Amino acid sequence: MAASSRAQVLDLYRAMLRESKRFSAYNYRTYAVRRIRDGFRENKNVKDPVEIQTLVNKAKRDLGIIRRQVAEQSTAAGRKSGSSSRSLGKPCTTWP
Amino acid sequence: MLLRAAWRRAAVAVTAATGPKAAAPTRGLRLRVRDLAPQSAVPADTAAVPEAGPVLRPLYMDVQATTPLDPRVLDAMLPYLVNYYGNPHSRTHAYGWESEAAMERARQQVASLIGADPREIIFTSGATESNNIAIKELEAAIQPDTSLVSVMTVNNEIGVKQPIAEIGRICSSRKVYFHTDAAQAVGKIPLDVNDMKIDLMSISGHKIYGPKGVGAVYIRRRPRVRVEALQSGGGQERGMRSGTVPTPLVVGLGAACEVAQQEMEYDHKRISKLAERLIQNIMKSLPDVVMNGDPEHHYPGCINLSFAYVEGESLLMALKDVALSSGSACTSASLEPSYVLRAIGTDEDLAHSSIRFGIGRFTTEEEVDYTVEKCIQHVKRLREMSPLWEMVQDGIDLKSIKWTQH
């Protein structure tokens with residue numbers, strides 16, 4: 001497989017940030033966005049294509065984790081507790 | 001006790017407030033919104049509570065008590081809670097084999113974080129059980145004068161790091177077993193059981209962004225350390241801890257250890273910066289604040305401050321938007337000042353005014369700034385109300401006062 005191009009890496013970066021902003025929990029959301037930015041910035045000068053591919057593969061796996069967890073937590077957050085007078089409304093900013 | 005009762009009253013008062021509040025939150029913070037805690041005690045036929053809008057919950061600064069699950073840990077655990085639910089000790093089918101494989105993978109992850117061999121890791125229900133396994137019977141081992149040294153790696157109340165490598169060297173030269181409770185240290189500072197000559201180590205899952213209810217004990221094989229099992233039964237975990245190993249939990253512990261190994265440097269750097277920020281900003285705005293614990297040998301994420309002339313519990317109640325603690329959760333029911341603070345020679349009155357701030361992987365700069373702001377505001381307010389503070393301002397030396405009995 002040809003090593004990932006700059007464009008692909010940037011696409012991945014944007015996709016990860018976009019997905020991370022959908023975490024309903026404040027602490028997870030802020031952590032994911034911050035960690036992704038810092039992570040990509042830290043590795044921006046890596047030249048070795050093998051190393052780049054390893055990093056990209058890990059990032060793709062992490063993107064999968066974020067997607068799954070965002071989905072999982074939004075259904076859990078939507079689960080109603082005892083009282084039926086609660087409406088769903090805005091997503092909450094923290095995970096309880 | 002008082003604190004929880006007051007909190008419950010406040011929470012009820014908020015839910016009963018009439019009229020929806022305008023949404024517009026200006027800061028990312030204070031919207032610990034939507035209390036989703038199940039309201040099991042609420043009967044369905046009580047007078048209808050008007051729709052009050054989201055309930056605010058405090059922001060979390062008590063990571064020494066427990067930590068939230070890292071999303072990567074939960075992701076690793078879920079398959080074993082949903083589809084791969086086999087008993088890891090079942091030898092006769094794929095459910096058992098895949099569960100066992102996951103358990104052994106987790107064991108390797110834990111071992112790798114502390115420089116151990118996987119055969120030296122026994123899964124337990126937590127660091128408390130691990131401590132009991134490690135310490136029990138070891139003192140009464142073969143020779144009457146064989147003894148055991150047991151030390152916490154990082155203290156959970158004041159964050160002080162013990163000189164583990166030194167202690168390990170001394171114990172090893174005197175042929176004395178060395179156990180350390182590393183619950184607050186694993187995954188946060190580099191640990192190597194061989195470099196530090198550790199014979200036994202306790203590990204806790206929920207202190208490192210893993211699940212509650214799981215931990216591990218490291219038991220050295222070379223030279224062999226013998227321990228007696230606390231829990232007997234089917235002989236699992238090399239006979240040292242019988243009982244089915246809870247695969248989803250140990251997978252979580254393993255994932256937490258692996259994530260910790262990757263993130264240790266990044267987290268440490270960030271937490272140090274945030275800790276510096278918290279301490280500097282509080283101390284430059286408030287006089288008579290003491291940081292408890294040796295500042296040099298200190299884990300940055302656990303900050304214990306004493307605010308003179310302010311009672312700790314009243315400050316905690318005032319800071320109701322921030323989840324904090326004074327003293328350790330293990331002794332929270334009693335009103336005794338912390339034994340740790342007493343041991344380091346803190347004055348009794350300063351010990352009663354101590355608050356512990358916990359900064360972790362998920363703590364944000366915003367949360368730190370908010371906590372600092374509220375802390376300064378409330379300390380100032382409480383001091384204004386304090387007659388002791390008034391006396392100090394007038395130049396009276398409190399130590400010279402003769403308090404009368406009446």
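Do you know which of the residues in region B:58-76 that are part of a helix (DSSP H, G or I) and at the interface with chain A (Cβ under 7 Å from one of its Cβ atoms) is farthest from the chain's Cα centre (by Cα)?
We begin by selecting, within region B:58-76, every residue part of a helix (DSSP H, G or I); these are B:71-76.
Going one step further and asking which of them are at the interface with chain A (Cβ under 7 Å from one of its Cβ atoms), we end up with B:71-72, B:74-75.
On the way: B:71: 18, B:72: 20, B:74: 19, B:75: 22 Å.
Ranking the qualifying residues of region B:58-76, first place goes to B:75.
Can you pull out the residues in region A:51-75 that are free of Cβ contacts under 8 Å to residues at least 24 places away in the same chain and either open to solvent by 50 Å² or more (accessible area, probe 1.4 Å) or not in a helix (DSSP H, G or I) (or both)? Answer for region A:51-75, where residues must be free of Cβ contacts under 8 Å to residues at least 24 places away in the same chain and either open to solvent by 50 Å² or more (accessible area, probe 1.4 Å) or not in a helix (DSSP H, G or I) (or both): A:51, A:54, A:55, A:57, A:58, A:61, A:68, A:71, A:72, A:75. Every condition in (1) over 25 Å from residue B:341 (Cβ atoms); (2) of a type in the set (Val, Ile, Thr); (3) within 14 Å of chain A (Cβ to nearest Cβ) is met by residue B:271 except one, and the failing one is (1).
In region B:387-398, which residues are assigned to a helix (DSSP H, G or I), within 14 Å of residue B:288 (Cβ to Cβ) and not aliphatic (A, V, I, L, M)?
Kept after step one, since they are assigned to a helix (DSSP H, G or I), are these residues of region B:387-398: B:387-393, B:398.
Next, only the ones that are within 14 Å of residue B:288 (Cβ to Cβ) stay: B:388-393, B:398.
Of everything in region B:387-398, those that are assigned to a helix (DSSP H, G or I), within 14 Å of residue B:288 (Cβ to Cβ) and not aliphatic (A, V, I, L, M) turn out to be B:389, B:390, B:393.
Among the residues that make up region B:361-375, is at least one of them assigned to a loop (DSSP other than H, G, I, E, B) and over 21 Å from residue B:161 (Cβ atoms)? Yes - at least one qualifying residue is present in region B:361-375.
When the residues of region B:315-335 are filtered to those that are modelled with pLDDT of 90 or more and assigned to a loop (DSSP other than H, G, I, E, B), the one that is surrounded by the fewest Cβ atoms within 10 Å (Cβ to Cβ) is B:321.
So, in region B:336-349, of the ones that are at pLDDT below 80 and in a helix (DSSP H, G or I), which residue ends up surrounded by the fewest Cβ atoms within 10 Å (Cβ to Cβ)? Here the residue is B:348.
Quick one: in region B:155-193, which of the residues that are in contact (Cβ under 8 Å) with a residue 40 or more places away in the chain and assigned to a strand (DSSP E or B) is farthest from residue B:361 (Cα to Cα)? Selected residue: B:177.
Looking at region A:1-45 only, could you name the residues that are within 14 Å of chain B (Cβ to nearest Cβ), farther than 22 Å from residue A:76 by Cα and of a type in the set (A, V, I, L, M)? Matches in region A:1-45: A:36 only. Scoring residue B:196 on the criteria (1) over 18 Å from residue B:118 (Cα atoms); (2) open to solvent by 30 Å² or more (accessible area, probe 1.4 Å); (3) part of a loop (DSSP other than H, G, I, E, B); (4) of a type outside the set (Ser, Thr, Tyr) leaves a single failure, condition (1).
If you check B:367, B:348, B:384, B:313 for being charged (D, E, K, R), assigned by the TED database to the domain that holds residue B:275 and more than 30 Å from residue B:128 (Cβ to Cβ), only one passes: B:384. The requirement of being among the polar types (S, T, N, Q) and open to solvent by less than 10 Å² (accessible area, probe 1.4 Å) is satisfied by residue B:202.
For region B:244-268, how many residues are farther than 30 Å from residue B:83 by Cβ and more than 19 Å from the chain's Cα centre (by Cα)? Quick ask: steps written out before the conclusion?
Of the residues in region B:244-268, the ones farther than 30 Å from residue B:83 by Cβ are B:264-268.
Filter once more, so that each one left must be more than 19 Å from the chain's Cα centre (by Cα): B:265-266.
So the count comes out to 2.
Among the residues making up region B:77-103, those that are open to solvent by less than 80 Å² (accessible area, probe 1.4 Å) and outside any loop (DSSP other than H, G, I, E, B) are B:77, B:78, B:79, B:80, B:94, B:96, B:98, B:99, B:100, B:101, B:102, B:103.
The values are calculated or read from the model by the stated rules, or taken from the named source; none is laboratory data. From a predicted model like this one, the values you see are computed outputs, not experimental measurements. Don't worry about glycine lacking a Cβ; one is built from the backbone with ideal geometry, like all the others, and counts go over all protein chains shown. Heads up: the accessible areas ignore ligands, DNA and RNA and are worked out on the full protein's heavy atoms, side chains in. Shrake-Rupley method; radii C 1.70, N 1.55, O 1.52, S 1.80 Å.
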